[in-house]
Amino acid sequence: GAVVSQHPSWVICKSGTSVKIECRSLDFQATTMFWYRQFPKQSLMLMATSNEGSKATYEQGVEKDKFLINHASLTLSTLTVTSAHPEDSSFYICSARDTPTGAGWGYTFGSGTRLTVV
Amino acid sequence: GQQVMQIPQYQHVQEGEDFTTYCNSSTTLSNIQWYKQRPGGHPVFLIQLVKSGEVKKQKRLTFQFGEAKKNSSLHITATQTTDVGTYFCAGPGNYGQNFVFGPGTRLSVLP
């Protein structure tokens, strides 16, 4: 089945620095990828839709200058958290959609990146 | 915007008991998806329901889509400790391909 690889799995950074998270579709091409943020014991909140070769579409309330998304190829999307602050500490997950299976058409998620800003 | 609600928020069951989580939308959904997220893990796609009144089974899991396509349920028969996790339903968002996730139901199974 479809595999989405996300790196790093966890990162600790100092306040004010930037962190880049990579999301790769390993065995399929993804013209669209999605970035979510999940706080402890909460649901997934869509941050932005990453479109290959064009600008990302951000959800209301998400600062596009703070969360930079680049989707330069059909298999790679990156999320850069710029000037990170402790309140940015969260679990960031990417997802993409492959061809449908017997279960239907669903989204494959990366393993997530746990960001801690100190 | 599109909102998908889920109940209950938490459910604790004894191993072997059944479990059901319900998903409701204020608007008609073209389709609905279900995901499972184990503690510390990432969501894993379980199923997509498209047709009104559709019922699909995966071993001990039974998924239903309401006739009005505004609600859905996931039923687990004879729960096992491996069923522990949070179950999310997700419906189409405001843009073409994105999905909006419900708040999830966290299932605990006591051995």
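Residue-by-condition table, conditions (1) closer than 14 Å to A:Ala48 by Cβ; (2) open to solvent by 70 Å² or more (accessible area, probe 1.4 Å); (3) modelled with pLDDT under 95; (4) within 14 Å of another protein chain (Cβ to nearest Cβ):
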position	(1), (2), (3), (4)
A:Leu79	yes, no, no, no
A:Thr101	no, yes, yes, yes
A:Gly106	no, no, yes, yes
A:Gly110	no, no, no, yes
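Would you check if there is a residue in the range B:27-34 being within 26 Å of B:Thr82 (Cα to Cα), in contact with a Gly (Cβ under 9 Å, 6 or more places away or on another chain) and either open to solvent by 30 Å² or more (accessible area, probe 1.4 Å) or away from every other protein chain (no Cβ under 13 Å) (or both)? Talk me through it step by step, then tell me what you get.
First, the residues of the range B:27-34 that are within 26 Å of B:Thr82 (Cα to Cα): B:32-34.
Among the residues that remain, those that are also in contact with a Gly (Cβ under 9 Å, 6 or more places away or on another chain) are: B:32-34.
Next, only the ones that are either open to solvent by 30 Å² or more (accessible area, probe 1.4 Å) or away from every other protein chain (no Cβ under 13 Å) (or both) stay: none.
No: zero hits.
What number of residues in the range B:52-73 are assigned to a strand (DSSP E or B) and either away from chain A (no Cβ under 13 Å) or closer than 15 Å to A:Leu44 by Cβ (or both)?
Here is the first cut: in the range B:52-73, the ones assigned to a strand (DSSP E or B) are B:55-58, B:61-65, B:71-73.
Those still in the list that are either away from chain A (no Cβ under 13 Å) or closer than 15 Å to A:Leu44 by Cβ (or both) too: B:55, B:62, B:64, B:71, B:73.
Final tally of qualifying residues: 5.
Pick out, from the range A:9-95, the strands (runs of 3 or more DSSP E) lying fully within it that include 3 or more residues that are over 27 Å from A:Gly106 (Cβ atoms) and touching a residue at least 12 places away in the same chain (Cβ under 8 Å).
On the way: elements: A:10-13, A:19-25, A:32-38, A:44-51, A:67-73, A:76-81.
Answer list for the range A:9-95: A:10-13.
Hey, any hits in the range A:33-48 for a residue that's on the phi < 0 side of the Ramachandran plot and either of a type in the set (Val, Ile, Thr) or away from chain B (no Cβ under 14 Å) (or both)? Full working, then the answer.
Taking the range A:33-48 as the starting set, the residues that turn out to be on the phi < 0 side of the Ramachandran plot are A:33-40, A:42-48.
From what is left, the residues that are either of a type in the set (Val, Ile, Thr) or away from chain B (no Cβ under 14 Å) (or both) are none.
No - not one qualifying residue is present in the range A:33-48.
The values are calculated or read from the model by the stated rules, or taken from the named source; none is laboratory data. From a predicted model like this one, the values you see are computed outputs, not experimental measurements. Methodologically, a virtual Cβ is constructed for each residue, glycine included, from the backbone with ideal geometry; neighbour enumeration extends over all protein chains shown. The accessibility values were calculated without ligands, DNA or RNA, using every heavy atom of the protein model including side chains. Shrake-Rupley method; radii C 1.70, N 1.55, O 1.52, S 1.80 Å.
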